[in-house]
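Notes follow once the structure below has been shown.
Every read-out reported here was derived from the displayed coordinates using simple, explicitly stated rules and does not represent laboratory data. Keep in mind the model is a prediction, meaning the values are calculated, not measured. So basically every Cβ, Gly included, is an ideal-geometry build from the backbone, and we count neighbours across all protein chains shown.
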Amino acid sequence: MAMNPRLRRLALTAHITFSVGWLGAVAVFVVLATVGLAGDNADTVRSAYLAMELTAWFILVPLSFASLLTGLVQALGTAWGLFRHYWVVFKLLINVVATVLLLVHMQVVGHVAGAAARATLASGDLVGMRVQLLADAAAALLVLIVAVTLSVYKPKGLTRYGWRGQHESRARERLAATEGAARQPA
Amino acid sequence: MADSPSRFDATDLGPGPVAHPGMPRWVKVFGIVAGSALLVAFVLMHTIGGGMGGH
């Protein structure tokens with residue numbers, strides 16, 4: 001299922017764009033959550049939470065799914081595979097868990113944004129949820145930075161599945177080479 | 001994933017079956033750190049608590 005080089009580059013470009021875009025949007029989310037939690041001006045606080053809801057639904061959620069999908073295409077369409085290398089497995093886990101947690105997190109985002117839309121939020125209103133928004137966003141940012149780091153450094157390490165596959169393909173190549181040599185005239 | 005993996009990710013030890021060298025150290029460290037972070041986050045969310053997810 002290997003992609004040709006042009007298609008591989010296109011898929012890689014898409015994956016990088018969506019993944020780094022997701023990271024950038026989470027960074028914005030951290031800023032908005034900080035403003036919402038610590039802002040003095042009621043209008044600014046309200047705007048921050050309304051912007052968070054829009055950012056989450058229209059940027060974070062689509063980009064998280066796009067990153068996951070393009071990551072799967074990249075893994076399955078190249079020699080890297082999905083379960084052969086530990087760094088790929090970890091990136092997949094990070095992406096899936098982060099996407100699921102983001103969807104769960106949307107309830108809190110919606111609740112706080114809804115409250116902000118209905119009335120001015122006093123500094124003591126919904127403190128737990130507002131702190132959670134900031135903490136979750138900061139954790140997501142850290143986790144996505146780890147994912148980017150794994151992508152760049154690609155630390156070595158084959159899983160058992162990858163190790164088995166590699167040795168089987170070596171054995172096949174050795175056998176083919178032996179048979180080819182045996183067919184050569186003396 | 002700009003570069004393809006090298007043909008052999010581990011040292012070529014010659015013909016014949018070779019045992020899997022085991023999990024690399026960075027994977028173990030990463031797993032321990034990630035697991036600890038999740039545990040700490042879980043404990044924090046439940047002890048700090050009533051406020052988290054509540055009003």
Inter-label distance for B:Arg25 and A:Ala117, nm, one decimal - labels placed 7 Å from Cα along Cα-to-Cβ: 5.3
Label-point separation, A:Trp57 to A:Val20 (7 Å along Cα→Cβ), nm: 3.0
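Taking the Cβ-Cβ separation of A:Val146 and A:Leu7 as r and a Förster radius of 25 Å, what is the calculated FRET efficiency to the nearest 0.05?
Details: r = 28 Å, r/R0 = 1.12.
In this case the efficiency is close to 0.35.
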Between 0 and 90°, nearest 10: helix A:160-183 axis offset from chain A longest Cα axis: 20
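Given R₀ = 30 Å, what would the calculated FRET efficiency be for A:Thr34 paired with B:Leu39, taking r from the Cβ atoms and rounding to 0.05?
Efficiency, rounded to the nearest 0.05: 0.70.
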